[in-house]
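Everything on this sheet refers to the single structure shown next.
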Amino acid sequence: MSERKVLNKYYPPDFDPSKIPKLKLPKDRQYVVRLMAPFNMRCKTCGEYIYKGKKFNARKETVQNEVYLGLPIFRFYIKCTRCLAEITFKTDPENTDYTMEHGATRNFQAEKLLEEEEKRVQKEREDEELNNPMKVLENRTKDSKLEMEVLENLQELKDLNQRQAHVDFEAMLRQHRLSEEERRRQEQEEDEQETAALLEEARKRRLLEDSDSEDEAAPAPLQPALRPNPTAILDEAPKPKKKVEVWEQSIGSLGSRPPLSRLVVVKKAKADLDCSNGQPQAAPAPGAPQSRKEADPAPPTPGASSLSQLGAYLDSDDSNGSN
């Protein structure tokens with residue numbers, strides 16, 4: 001086991017390294033290596049996103065006829081994880097980065113594009129100044145003006161920082177805290193006053209409602225009955241007599257009692273009929289009951305209509321003829 005870790009090996013005296021045959025391998029031969037995706041990319045075939053740091057078993061080869069300052073440039077072949085499409089990218093030692101070559105598009109390279117644009121503008125400016133001296137003067141004037149503006153802005157920032165350096169932030173915070181407490185206390189007092197006013201108003205309204213209910217529930221005092229004065233009838237003024245119209249005399253008054261009710265006349269008793277014929281009426285025996293007319297004499301009704309009188313006349317004629 002100890003011979004596996006030796007540093008020096010035995011070479012025989014007749015060893016000739018030139019006699020060892022060399023393998024003739026092509027210069028663009030490929031090796032299988034394990035690597036991680038150097039940047040975020042998206043497959044052009046299926047649209048699958050491949051994130052930076054994803055591991056692949058890639059094939060590596062040396063790019064022919066491309067060298068940067070003696071450093072070789074390598075190309076890598078990987079496959080999409082979804083559609084197995086081939087994606088290639090190569091190293092970029094000039095920018096210490098990688099360059100997408102085929103099969104996918106690189107994402108999130110806005111900073112790189114901005115740097116490339118700045119480089120392009122700078123190169124165009126140098127080309128213009130090389131053949132146009134007036135352009136050189138104009139660019140210098142613009143640069144000096146821009147530099148003066150930057151210096152003015154910087155001076156303003158310095159002055160602002162100096163003014164802020166003398167400000168006591170602790171005192172400002174303390175004043176702000178006191179003002180906040182004062183405002184909070186004032187709001188609390190206003191809330192208490194409003195609450196007290198509302199309570200007082202509710203109490204007054206309740207007292208008024210209670211007093212109204214007591215007044216309604218209390219019984220009215222009994223008034224003593226006024227005794228009629230016996231001589232009060234003498235003090236009253238005599239009522240004027242009602243003037244009877246002509247049409248009332250003919251057809252009667254329009255009272256609540258219907259006028260046809262007077263057409264019914266109660267027949268007279270036999271004693272009354274005898275008196276009407278001229279025969280003397282016998283005196284009633286003592287203890288005998290009096291006639292209905294004498295017992296309950298009906299007072300004549302004033303203002304009887306002509307129709308009622310006509311009915312009484314006809315009734316009297318019928319009674320006479322029957323006798």
- segment 1-142 shape via C-alpha gyration tensor axes, a/c threshold 1.5: oblate
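Which of rounded, prolate, oblate describes segment 103-175, given a ≥ b ≥ c as roots of the alpha-carbon gyration tensor eigenvalues and a/c under 1.5 marking rounded, otherwise prolate only if a/b is larger than b/c?
Oblate.
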- For segment 73-116, what Kirkwood radius comes out of the mean inverse Cα-Cα distance, in Å? 11.6 Å
- Note on the structure: Scoring only Lys, Arg, Asp and Glu (+1, +1, -1, -1) among other residues with Cβ under 15 Å from the Cβ of Gln164 yields -2
- Task: Enter the mean projected area of the convex hull around the alpha-carbon atoms of segment 158-209, in nm², rounded to one decimal.
- Result: 4.4 nm²
- Note on the structure: Stretched fully, the stretch from Arg183 through Leu35 gains (0.36 nm per residue minus C-alpha distance, one decimal, in nm) 46.6 nm
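May I ask for the net charge around Lys79, where only other residues with Cβ less than 13 Å from the Cβ of Lys79 are counted and Lys, Arg are +1 while Asp, Glu are -1?
Result for the neighbourhood of Lys79: +2.
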- Task: Order the peptides 15-23, 99-107 from the highest to the lowest mean number of other Cβ atoms within 10 Å of their residues.
- Result: 99-107, 15-23
- Cut-off 14 Å between beta-carbons: net charge of the residues surrounding Asp92, Lys and Arg +1, Asp and Glu -1: -2
- Can you work out the FRET efficiency for the pair Leu199 and Leu173, with r the C-beta to C-beta distance and R0 = 41 Å, to the nearest 0.05? 0.60
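Just so you know, all these numbers are worked out from the coordinates, no wet-lab data involved. Bear in mind that the values here come from a model prediction, so they are computed numbers and not experimental data. Don't worry about glycine lacking a Cβ; one is built from the backbone with ideal geometry, like all the others, and counts go over all protein chains shown.
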